[in-house]
1. Failed condition for ALA260, given (1) within 11 Å of the ligand (Cβ to nearest atom); (2) open to solvent by 20 Å² or more (accessible area, probe 1.4 Å); (3) touching an Asp or Glu at 6+ places or on another chain (Cβ under 7 Å), with all others met?
2. I'd like to verify a number: residues in the range 230-257 that are away from the ligand (no atom under 16 Å from the Cβ) and surrounded by 14 or more Cβ atoms within 10 Å (Cβ to Cβ), how many?
3. Can we say VAL116 is open to solvent by 50 Å² or more (accessible area, probe 1.4 Å), within 16 Å of the ligand (Cβ to nearest atom) and either touching a residue at least 12 places away in the same chain (Cβ under 8 Å) or not β-branched (Val, Ile, Thr) (or both)?
4. Looking at LYS166, is it within 15 Å of the ligand (Cβ to nearest atom) and not acidic (Asp, Glu)?
5. What number of residues within the range 134-168 are more than 29 Å from TYR237 (Cβ to Cβ) and loosely packed, with under 14 Cβ neighbours inside 10 Å?
6. On the given criteria, is VAL121 part of a loop (DSSP other than H, G, I, E, B) and β-branched (Val, Ile, Thr)?
7. For the range 243-282, what are the residues that are in contact with a Lys or Arg (Cβ under 7 Å, 6 or more places away or on another chain) and among the acidic types (Asp, Glu)?
8. Looking only at the range 81-92, decide whether some residue is open to solvent by 30 Å² or more (accessible area, probe 1.4 Å) and touching a Pro at 6+ places or on another chain (Cβ under 6 Å).
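The values are calculated or read from the model by the stated rules, or taken from the named source; none is laboratory data. Remember, predicted model here, so these are calculated numbers, not experimental data. When we count neighbours, we look across all protein chains shown, and the Cβ atoms used for this are built from the backbone with ideal geometry, even at glycine. Calculation scope for accessible area: heavy atoms of the full protein, side chains included, ligands and nucleic acids excluded. Shrake-Rupley method; radii C 1.70, N 1.55, O 1.52, S 1.80 Å.
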Amino acid sequence: MKYEQLTAAIGAELLNVTLGDAARDEALFAEIKALLLAHRVLFLRDQDISRADHVAFAERFGRLEDHPVAGSHPDHPGLVQIYKSPDQPIDRYENAWHADATWRDAPPMGCVLRCVETPAVGGDTMWANMVLAYEKLPDPVKAQIEGLRARHSIEASFGAKLPVEKRLALKAQFPDAEHPVVRIHPETGEKVLFVNAFATHFTNFHTPERVRYGQDYAPGAAQLLHYLISQAAIPEYQVRWRWRKNSVAIWDNRSTQHYAVMDYAPCHRKMERAGIIGDVPF
Ligand code: SIN
C-alpha cells in the first residue's frame with residue numbers, strides 16, 4: 001500500500017489496496033488506522049467491494065449503528081443509505097458543516113462512505129481539519145472557550161421538518177446531547193474544536209465572569225457560537241473530494257467536519273455509509 005497526501009491540512013489517498021483485503025488483514029488494517037489518525041480522512045478509488053466487505057472493514061474499527069431518520073440497507077444493518085433521486089424533493093440536510101450525529105451522547109468515531117452512483121458532475125464532499133481549526137484560533141478566543149459546553153440537537157435539525165408530535169417523539173428518543181466545545185481526541189490527545197451545525201447554544205456561558213449586563217449576554221453567546229461554527233468553512237483547513245462510482249472515504253468523525261456539496265441537478269446520488277459507534281466526548 002502507498003499513499004499520497006492531498007492537501008497540507010487534511011486528507012490522503014490510499015493506493016494499491018482494497019478494503020476487502022484490509023478487512024481480513026490485521027497488519028494492513030492497523031496501517032490504515034494509523035494513517036487515518038494522521039490524515040483524518042482517507043480516500044480510495046475503485047473499491048468494487050461487496051456490501052458485506054464494506055461492513056466487515058468498518059466493523060474492524062468497532063460496532064456500527066443505524067440512523068433514526070435515514071434508513072439502512074435491509075440486508076446490512078448499520079449500512080445507512082444516503083440516496084438522492086430526481087423524483088425526491090431536494091433534501092438539504094447534509095448541506096451544512098457537521099460531524100455526524102453529535103446529537104448523540106456518544107457520536108460516531110468515524111465513518112466509511114462508499115459511492116454507489118454519482119451525478120455526472122457535482123456532488124463532491126468536503127472535509128475540514130478541526131484540530132487545525134482549534135490550533136489556529138486566536139489565544140483570547142481559546143481562553144474564552146475553555147470549559148464551555150454546548151447542546152447538540154436532533155430536534156432542531158432532522159426533527160425540524162416533522163409535525164410537532166413526531167418531532168417531540170424524536171426528541172424524547174434522542175434527548176439533546178451536551179458536549180465540550182473543545183474535546184480531547186481519545187486516541188491522539190489533540191484538542192478539537194467540537195461545535196457544528198447541530199449545536200444550538202452553550203449551556204454554561206452565562207456566568208458572572210463572562211457577562212456584564214443582560215443586554216450583551218445572549219448575543220455574546222450566540223455570536224461566539226456562530227463564529228466557532230464558521231471555522232470549518234476556512235479553505236486552508238479543507239480537502240474536497242470528487243466522487244466516482246466505488247470511491248470510498250474513511251473519516252475520523254472526532255477530528256473532522258464534512259459538507260456534502262448540493263450543487264447538482266436533480267439526479268441520482270447514492271452513497272452508503274457505515275457509521276462506527278464512538279465514545280462520550282470529554
Ligand atoms: C454524510 O453527511 O455523512 C454524507 C456525506 C455525503 O453524502 O457525501
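1. Here ALA260 meets the rest and fails (2).
2. So the answer is 3.
3. Against the criterion (open to solvent by 50 Å² or more (accessible area, probe 1.4 Å), within 16 Å of the ligand (Cβ to nearest atom) and either touching a residue at least 12 places away in the same chain (Cβ under 8 Å) or not β-branched (Val, Ile, Thr) (or both)), VAL116 does not qualify.
4. No; evaluated as a whole, the condition is false for this residue.
5. Total meeting the criteria: 6.
6. So VAL121 passes the test.
7. Selection gives ASP252, GLU272.
8. There is at least one residue in the range 81-92 that is open to solvent by 30 Å² or more (accessible area, probe 1.4 Å) and touching a Pro at 6+ places or on another chain (Cβ under 6 Å).
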